[in-house]
Amino acid sequence: EAGVTQSPTHLIKTRGQQATLRCSPISGHTSVYWYQQALGLGLQFLLWYDEGEERNRGNFPPRFSGRQFPNYSSELNVNALELEDSALYLCASSPGRHTEAFFGQGTRLTVV
Amino acid sequence: TQLLEQSPQFLSIQEGENLTVYCNSSSVFSSLQWYRQEPGEGPVLLVTVVTGGEVKKLKRLTFQFGDARKDSSLHITAAQPGDTGLYLCAGSTSGTYKYIFGTGTRLKVLA
């Protein structure tokens, strides 16, 4: 069974640009979570999608947004990139609400 | 607000030693998970605990969920260099709909 896949694995952008990160959950999983992990820090909750709807978001500005598609894959968009947005962005999926999450390998975003 | 506090933050020990990592909260969790993350990788699920007082063993790792489901511990016996990594607890409280992670414990086991 394929795990959670994220693309791209690495992304380099300049300040002010937009970044789009993609996530394919494990087959059958309807919930997708996005997290930001800055270097040396813990995981910060960004967004939670379930059944195609945004269910909750963390304390991030509106330029962080996303969506979940009918096939449950998800996209994270970051507009007007800032240097401090450089981080590992992790996507996780779970078969339902509040259950354990399975993570992808992450997308390393570098803003220069 | 960080609901899950882990201690210690950093731990450097010699191979063969035992250690315990704690995960504490003032909130009740419906279930709690432990993950290990290696640099540049996503966290990998180790275990899920659901019932208050539950104890689960995974080889040399023993996980315990507090009776009140507000805290958990991870005990490693005879640590090995391969145990090196960032250990994270995570879970969600009723009604928050956020799956949150603890502050993390960075473990280094020296050969």
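No lab work stands behind these numbers, since they all come straight from the coordinates. Since the model is a prediction, treat every value here as computed from it, not as a measurement. Using ideal geometry, Cβ is built from the backbone for each residue, glycine included, and neighbour counts are taken over all protein chains shown.
Working carefully through the options B:GLY53, B:GLY66, B:GLY91, find the one that is away from every other protein chain (no Cβ under 11 Å) and either crowded, with 18+ Cβ neighbours inside 10 Å or of a type in the set (Asp, Glu) (or both).
None of the other options fit; the residue is B:GLY66.
When you scan region A:69-84, do you find a residue that is at the interface with another protein chain (Cβ under 8 Å from one of its Cβ atoms) and part of a loop (DSSP other than H, G, I, E, B), even just one? Break it down stepwise before answering.
Step one: list which residues in region A:69-84 are at the interface with another protein chain (Cβ under 8 Å from one of its Cβ atoms), which gives none.
Scanning region A:69-84 turns up no residue that is at the interface with another protein chain (Cβ under 8 Å from one of its Cβ atoms) and part of a loop (DSSP other than H, G, I, E, B).
Could you look through region B:20-35, keep only residues that are surrounded by fewer than 19 Cβ atoms within 10 Å (Cβ to Cβ) and closer than 20 Å to B:ASP83 by Cα, and pick out the one that is farthest from the chain's Cα centre (by Cα)?
Within region B:20-35, the match that is farthest from the chain's Cα centre (by Cα) is B:THR20.
Would you pick out the residues in region A:19-45 that are within 21 Å of A:THR9 (Cβ to Cβ), in a strand (DSSP E or B) and without any contact (Cβ under 8 Å) to a residue 40 or more places away in the chain?
Residue satisfying the conditions is A:GLN44 alone.
Name the single residue that is surrounded by the fewest Cβ atoms within 10 Å (Cβ to Cβ) among those in region B:1-19 being among the aliphatic types (A, V, I, L, M) and more than 17 Å from B:ILE76 (Cβ to Cβ).
This residue is B:LEU3.
For region A:8-18, check the following and say yes or no: at least one residue is within 13 Å of chain B (Cβ to nearest Cβ), crowded, with 20+ Cβ neighbours inside 10 Å, in contact (Cβ under 8 Å) with a residue 24 or more places away in the chain and part of a loop (DSSP other than H, G, I, E, B).
Looking through region A:8-18, none of the residues is within 13 Å of chain B (Cβ to nearest Cβ), crowded, with 20+ Cβ neighbours inside 10 Å, in contact (Cβ under 8 Å) with a residue 24 or more places away in the chain and part of a loop (DSSP other than H, G, I, E, B).
Would you mind stating whether A:PHE45 is crowded, with 17+ Cβ neighbours inside 10 Å and either hydrophobic (A, V, I, L, M, F, W, C) or within 12 Å of another protein chain (Cβ to nearest Cβ) (or both)?
yes
Among the residues of region A:1-46, write down those that are charged (D, E, K, R) and within 13 Å of the chain's Cα centre (by Cα).
Within region A:1-46, A:ARG22 is the sole residue that qualifies.
Looking only at region A:30-42, which residues are within 24 Å of B:GLY104 (Cβ to Cβ), surrounded by 15 or more Cβ atoms within 10 Å (Cβ to Cβ) and not aromatic (Phe, Trp, Tyr)?
Result: A:SER31, A:VAL32, A:GLN36, A:GLN37, A:GLY42.
Out of curiosity, is B:THR20 away from every other protein chain (no Cβ under 13 Å), out of contact with any Leu (no Cβ under 9 Å at 6 or more places or on another chain), more than 25 Å from A:TYR35 (Cα to Cα) and β-branched (Val, Ile, Thr)?
For B:THR20, the condition - away from every other protein chain (no Cβ under 13 Å), out of contact with any Leu (no Cβ under 9 Å at 6 or more places or on another chain), more than 25 Å from A:TYR35 (Cα to Cα) and β-branched (Val, Ile, Thr) - is not met.
Looking at region B:1-11, which of the residues that are under 16 Å from the mean Cα position of the chain (by Cα) and among the polar types (S, T, N, Q) is farthest from the other protein chains (Cβ to nearest Cβ)?
Going through the qualifying residues, I end up with B:SER7.
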